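Q: Sharing a structure with you now.
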Amino acid sequence: MTDDDYKLLQPTIPSEPGVYQFLDAKEKILYVGKAKSLKNRLASYFGVRQDRRQKTEAMLKNAATFRFTIVESETDALLMEASLIREHQPKYNIALKGGDGYPYICISNERFPKISFARRAYKGGGEFFGPYPSKGRVFGLLELMRNLFQLRTCQLNLSEENIKKGKFKVCLEFHIKKCAGPCAGLQSEADYNETVAQIRNMLKGNFGAVQRNLREKMQAYAENLAFEKAQETKERIALFEDYQGKSTVVNPKLPDMEVYTIQTDETNAYVNFMRVTSGAVIHTFTVEMAKNLTQEEEELLAFAILDLRERFKGSCNELILPFKVANLPENLQQTVPQIGDKKKLLELSAKNVLYYKEQIHKQELAKLNQQTSVERIMLTLKQDLNMTEMPQHIECFDNSNFQGSFPVSSCVVFRNARPAKREYRHFNVKTVVGIDDFASMEEAVFRRYRRLINEGTSLPQLIVIDGGKGQLSAAVKSLRALEILDKVKVIGIAKKLEEIYFPSDPNPLHLNKKSESLKVIQQIRNEAHRFGITFHRDQRSRAFTTTELTKIKGIGESIAEKLLLAFGSVQGVKEASDQALREVTTPKIIDLLKTYFNKEDKG
């Protein structure tokens, strides 16, 4: 959008407060902003400005026009701006980065609701509480609730009709007193819903209500001489108080409040939120935001407050902040403490946001170090094997068979020194009869690279053959037949001494046992062996369970497996001599086999 485009629209822009949107040619929203005066704010985007940021220049270059909405006050403008950003996620606005992968606790939307772990919140799925900082936190809370309250964990449809018909029986959970048996009509819906109400109180941080409810129950049981139940409830109260005592208690006399602090760097802002109920910190969460065009900490914090209050259903009227924030709703009391318990809460929140920021920095550094490590390993491997290219794509072949039966070959793929498991392949050997490891290797290598050539797929820089000179020569034969031997590096690794063989050199290379190059080669060799053995076992198992021999009355899977392992195939069993069969099985089974095969030949 140019200065000339703006001049055409300038006469229509009012001086009132409002919200404006920049849109591209397809009317997709690129940026949403608020203004005390729309006329003055929009004018600041155009004309000659030395301090204009690159992102602003990019946004204006992609924008085709703008539109605006007049509101009553700056506060209304802030609320509308936050709502539009959440709904449309414009490219150049504050982008919330935290919270997408954090777990929730869900109270299902059904009769006798279940309380469970949820990876995300979604409409119609029930009532969600969270997000929580970790899975461990969620599972810890779920375990506590199941110890405090009797809740069902089954997936049964507990409709009124099903319960009346007596379709269900109580399970082990009932007998160990983890469930009160609503499936068998032993607990009423009203009583169960009262338990769920206490769980809601607990998840909202209303510890006092939960504790009062438990004490009232204990008293009622004692008055009715149900001393066993009274004791069980007393134990639950002790468990609950122990959990409550582990919360960060500041001062029980403090009113309910929310605490927010902010830290920024060049590109991101980090805002920590803490909810304080009955003087205890019951929830803490940190959100990360991409700053984009917004730079001011006050504006970033205001946006985060509105978003987090909506996300966590904030109802506290007092906010503890590091500085005053303009244009928040008037019913919210902003406190910037200098001393006392509220100041301690602010400092605790600041520690949390600093810790989160440091963790993000460490993760980014670890990724960078990992990339550097991969590059170093690739360079070392290239030098050790005298390669012309970096071996970013490596493939390894291995053979598996059992006494010549069910021969298979495997091919595993590593990219940047890490397994690319989706690209693994296995081959049932088709052209080889009996035990011929070299021929099996030749077939697998030929089939693999003939297919890559036909598909126009790039070849690996390095091919590793699990075996010595014989297996390597077989692989080279296939590569030469495909006319790609000069396009790839191929080596063999012998198991005993971990010697590296090259096609044109009779003398093996001995790499240092602690060499990173050797470790990568060993890792891919071991992975190929593991993958091949797993596939081979599957093939054997499938053959044993589907073999023709099990069709013979009196021969089961175990006997069929024993015969196939001994003779390799059904044909091998058929052609075996009586003496050979007697070494494997009983005369009765031999008679059954002869009768079957004779009948088959006549038929």
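The numbers here are math on the coordinates, done by the rules we state, and not lab data. Everything quoted here is computed from the prediction, not taken from an experiment. Reconstructed Cβ throughout: ideal geometry from the backbone, glycine too, with neighbour counts over all protein chains shown.
Q: For the pair K344 and Q571, how long in nm is the line joining their label points, each one 7 Å along Cα→Cβ?
A: With each label point 7 Å from Cα toward Cβ, the separation is 8.5 nm.
Q: For the pair F227 and A184, what calculated FRET efficiency results from E = 1/(1 + (r/R0)^6), where r is the Cβ-Cβ distance and R0 = 22 Å, to the nearest 0.05?
A: FRET efficiency, A184 to F227: 0.30.
Q: I would also like to ask the following. About its Cα centre, what dipole magnitude does segment 280-342 give when the only charges are +1 on Lys and Arg Cβ and -1 on Asp and Glu Cβ, stated in debye to the nearest 20?
A: 180 debye
Q: Of (1) 317; (2) 181; (3) 190, which one was derived for volume of the Cα convex hull per residue in Å³ from the structure shown?
A: (1)
Q: Now for a different question. Taking 0.36 nm per residue of separation and subtracting the Cα-Cα distance, what length does fully extending R415 through K28 add?
A: Gain on extension, R415 to K28, equals 135.5 nm.
Q: Sort 303-315, 461-473 by packing, meaning the average of other beta carbons within 10 Å per residue, with the highest value first.
A: Averaged packing, sorted descending, gives the order 461-473, 303-315.
Q: Might you report the magnitude of the Cβ-based charge dipole of the chain about its Cα centre, with Lys and Arg at +1 and Asp and Glu at -1, to the nearest 20 debye?
A: The calculated dipole for the chain is roughly 1140 debye.
Q: Determine, from the Cβ-Cβ distance of K39 and E330 and an R0 of 25 Å, the FRET efficiency 1/(1 + (r/R0)^6), rounded to the nearest 0.05.
A: 0.45
Q: Lysines within cross-link reach of K169: Cα-Cα under 28 Å, excluding same-chain residues under 8 positions apart?
A: K114, K177, K178, K217, K229
Q: Can you spot the aspartates and glutamates whose alpha carbon is less than 15 Å from K469's alpha carbon? Ignore those fewer than 8 places along the same chain.
A: D398, D436, D437, E442, E498, E499, D505
Q: Quick check on segment 311-460: what are the equivalent-ellipsoid semi-axes from the Cα gyration tensor, as sqrt(5λ), descending, whole Å?
A: Its equivalent ellipsoid spans semi-axes of 63, 20, 15 Å.
Q: Charges on Cβ only, +1 for Lys and Arg, -1 for Asp and Glu, centred on the Cα centroid of the chain; of T534, S83, A302, which one is farthest towards the dipole's positive end?
A: T534
Q: For K421, which lysines qualify as cross-link partners when the Cα separation must be under 19 Å and same-chain residues fewer than eight apart are set aside?
A: Partners found: K519.
Q: If you take the charge dipole of the chain about its Cα centre, with +1 on Lys and Arg Cβ and -1 on Asp and Glu Cβ, which of F273, S159, V325 is farthest toward its positive end?
A: Among F273, S159, V325, the one farthest towards the positive end of the dipole of the chain is S159.
Q: What's the whole-number percent of alpha carbon pairs in segment 141-228 lying beyond 14 angstrom?
A: Across segment 141-228, Cα pairs with separations above 14 Å total 70 percent.
Q: With a/c under 1.5 counting as rounded, go ahead and sort segment 292-346 into rounded, prolate or oblate using the C-alpha gyration tensor (a ≥ b ≥ c being the square roots of the eigenvalues; past the cut-off, prolate if a/b is larger than b/c, else oblate).
A: oblate
Q: State the extension gain, in nm to one decimal, for the chain segment bounded by R582 and N512, taking 0.36 nm per residue of separation less the distance between their alpha-carbons.
A: Using 0.36 nm per residue and subtracting the Cα-Cα distance, I get 20.0 nm.
Q: Quick check on my link table: of K55/K291; K291/K342; K430/K477; K430/K594, which ones sit more than 21 Å apart, alpha carbon to alpha carbon?
A: K291/K342; K430/K594
Q: Which FRET efficiency, nearest 0.05, do R137 and K164 yield, Cβ-Cβ r, R0 30 Å?
A: Efficiency, rounded to the nearest 0.05: 0.15.
Q: Continuing with the same structure: Distance between the C-alpha centers of segment 554-582 and segment 166-186? Whole Å please.
A: After rounding, the separation between the Cα centres reads 52 Å.
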